[in-house]
Amino acid sequence: MKKIGFIVLAVVLALGLVGAAFAYWSQPLYVNGNVTTGTLLVEFNAVGPAAAGPNNVGSGIAQAQVTTGIGNYEGTNNVVTVTIANAYPGMDVSVPFSVGNYGSLEAQVSPSVSGAVLDSGDQGLLNALDVSVTPDSTVIAPQKSATAGIIDIFMPNTDDNTLQGQTCVFTVTLTANQYNP
């Protein structure tokens, strides 16, 4: 019996010591978070004036009538229109444009060119035109503007008389993405 009493006493003392060893004060800590997303809002600021491009044949672009403008689509100035009347073989028109970043995030603006044909007779003219945009991309800081590039429209020298009196439409699309260096 003495042994059992001794074992019980030892267990009680051991549990008491363990309880004393692990007794402590506690207090929870909390982290509150608040996240606000940034904005990406890029618009054309200015376009033109058009000038003779580097491949132009002749003295300037006086024979071609070039007009430019900025249009509004879905509430922002995101459409540039370049209209060329009286185009001719060897004509090269360069149209500079600037873009503003009115958002809170850095924007990387990258151009792409696509074409659309007004009627079946215009496909040859669309294929003959060389429409390009330089540079390949531009990074614009928030609340800043930058000369984003030059639209170059070149009609190579050709003796293909079927291109006379034709009309085509092309579209230059600038895609703005959040810039992540």
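Modelled with pLDDT of 80 or more, closer than 30 Å to Gln178 by Cα and surrounded by 10 or more Cβ atoms within 10 Å (Cβ to Cβ), is that true of Val47? Taking the combined requirement at face value, the residue satisfies it.
Taking the condition outside any strand (DSSP E or B) and in contact with a Phe, Trp or Tyr (Cβ under 8 Å, 6 or more places away or on another chain), does Leu105 pass? Judged against the criteria, Leu105 is a match.
For segment 129-170, the set of residues classified as small (Gly, Ala, Ser), surrounded by fewer than 19 Cβ atoms within 10 Å (Cβ to Cβ) and under 14 Å from the mean Cα position of the chain (by Cα) consists of Ser137, Ala141, Ser145, Ala146, listed by residue number.
Applying the set (1) modelled with pLDDT of 80 or more; (2) outside any strand (DSSP E or B) to Val133 leaves exactly one unmet item: (2).
In segment 112-127 there is at least one residue matching the filter, namely being surrounded by fewer than 14 Cβ atoms within 10 Å (Cβ to Cβ), more than 14 Å from the chain's Cα centre (by Cα), assigned to a strand (DSSP E or B) and modelled with pLDDT under 75.
Contact map, segment 154-179: first residue more than 18 Å from Val82 (Cα to Cα), second residue of a type in the set (D, E, K, R) and in a loop (DSSP other than H, G, I, E, B), Cβ cut-off under 6 Å, separation 6 or more or different chains; pairs are Tyr179/Glu106.
Can you pull out every residue in segment 144-169 that is out of contact with any Ser or Thr (no Cβ under 7 Å at 6 or more places or on another chain) and assigned to a strand (DSSP E or B)? Break it down stepwise before answering.
Narrowing segment 144-169 to residues out of contact with any Ser or Thr (no Cβ under 7 Å at 6 or more places or on another chain): 144, 151, 153-169.
If the condition is that a residue be out of contact with any Ser or Thr (no Cβ under 7 Å at 6 or more places or on another chain) and assigned to a strand (DSSP E or B), then Lys144, Ile151, Ile153, Phe154, Val169 are the ones that fit.
With respect to (1) surrounded by 18 or more Cβ atoms within 10 Å (Cβ to Cβ); (2) within 13 Å of Phe44 (Cβ to Cβ); (3) within 12 Å of the chain's Cα centre (by Cα), the lone exception for Thr173 is condition (1).
The values are calculated or read from the model by the stated rules, or taken from the named source; none is laboratory data. Just so we're clear, the structure is a prediction, and the values are computed from it rather than from any experiment. We place every Cβ from the backbone using ideal geometry, glycine too, and count neighbours over all the protein chains shown.
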